Every structure is written in C-alpha cells, then in structure tokens.
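J.: The structure's right below; bear with me while I get my questions together.
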Amino acid sequence: MLKRWQQRRQIFSEDNTFLLTNALHFQNTSSIKGSYFTRGHRGDLRFNGFTFRVDDSSVQDAFSKGFCPKYYEWYGGGMWNLNQKINSPQFCGGATIQSYVCYYAASLLGINGMNIFLIDLRLFGGTVRNRSSSDFVNDKLDCNDGYLRNDNIYRLFPITKQIHSLETLAPVPGAKILGVVTNPTDYYHNASQLQLHANPDYEGGMDSVRAVVNLFNERGGGSGECETGV
C-alpha cells in the first residue's frame, strides 16, 4: 500500500506534470498535427491520433496494464471468429475500448470520479461512431449516446457531431498511455488548460511525452470537421 501511495504521489508531483494550453486541440484532438482518417475495408471511417479514455482503473494499474476490450475476456484473450463477429451488436459499446477526441465529452462521463486518461492511438486507431438517432428521455446519461441531455455539446464542439466516440478492438498497452488528465479549474466546456500527469513508462520516455505536449500546445487549430471522403 505504501509503495502504491508513493507511486501515485510521484505521478501527480509537479516535476511529472505538464500543461496542455491550447483548448482548440484538447477539445478536438483531430486538429493535432499527425492525426489522420482512413477508410476500413468495410468502408467504416477510422481515426488515428490522440484520444481521451474514461476508466475506473487506478492510475497505476492503467499505466502498467493498459486497457483491454471486454471481448478478450469473452473469448479467452484471442481473436476467435472475430471476422464473423465484428459487426455483431456485442462488439459495440462496452465490448470495445471507447474514447473521445473531445476532452469535454470525456469529462461528462468522468463526473463520478473516474480517471480520464490521454491515450496514443496513432498506431491502433479506432472506428468512428456517430451519435445515435435516439431521443433523450430523461436528464440522466443516455445509454446510447453517453452525453448529457440538453448539454449543448454539439453546438459548443461540432466535432462531437461527426466523431461521437471511437471504438478500438485492439488492446491498448500501458506504454501507449501518455498519462492521466486533470482540470485545475471547475470549468470543463471552456477550460483554458489541462494538467497531464505523465506515465513514466510511456513509449519513448519523457522526451516522447514532451514532444506530444508540444503538439497539443502548438498555436492554431483545425476546422473542427472530420474528413468523410477519405
């Protein structure tokens, strides 16, 4: 217990904390240099870049173990019959690793004290999911959309209309987690900066973390629109 407490203290120490200062990028990571879209062999739109993952794993566990989609548990850690099962409803939502290109979208799911991790999906990518056509029936989190009713997120951050969430089937190792993100203010939709508490075991070490932070902090931003004609 003492060792884990010391590890957590080190992770959240000032020396291990970086500032993300360009909201245009952390509220729409598809605008970051090096992000790109492709079409999968079934014609589905895919995104490769940085995303925010909401998870109830402890920071230490996530950094060491990464994230594993639920279907791995169902099929004993393999890709058994995956080609036939890929379009099944069971391979949506919780069966996959879900993440978001918009920090605010992730923060709506992290309101219950779950951690928000910044993950590097430049290699693995994820399938773009659009918002469902279902109507919100109450003020609670909608089970299909995950966003709050009447929250104006689609107006505030138009990218969420086009990239509601990403679903990744491949396990994401701990070395692909840049760190855990916290907000130093009480504001989420108009946050001016975020704190990134780095994963010391991120692939490439601290030099790679700094390089990614520089990408996030570059001035300017994209159009907030996703290319659908790729």
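The values are calculated or read from the model by the stated rules, or taken from the named source; none is laboratory data. These numbers come from a predicted model, not from an experiment. Here the Cβ is made from the backbone with ideal geometry for all residues, glycine too, and neighbour counts use every protein chain on show. Just the protein is used for accessible areas: all its heavy atoms, side chains included, with ligands, DNA and RNA removed. Shrake-Rupley method; radii C 1.70, N 1.55, O 1.52, S 1.80 Å.
J.: Can you work out the FRET efficiency for the pair GLN193 and ARG9, with r the C-beta to C-beta distance and R0 = 25 Å, to the nearest 0.05?
T.: Details: r = 22 Å, r/R0 = 0.89.
The formula returns an efficiency of 0.65 here.
J.: Let me ask another. How large is the accessible surface per residue of the range 146-201, computed with a 1.4 Å probe and reported in Å² as a whole number?
T.: Numbers: 2330 Å² over 56 residues.
Per-residue accessible area for the range 146-201 comes out at 42 Å².
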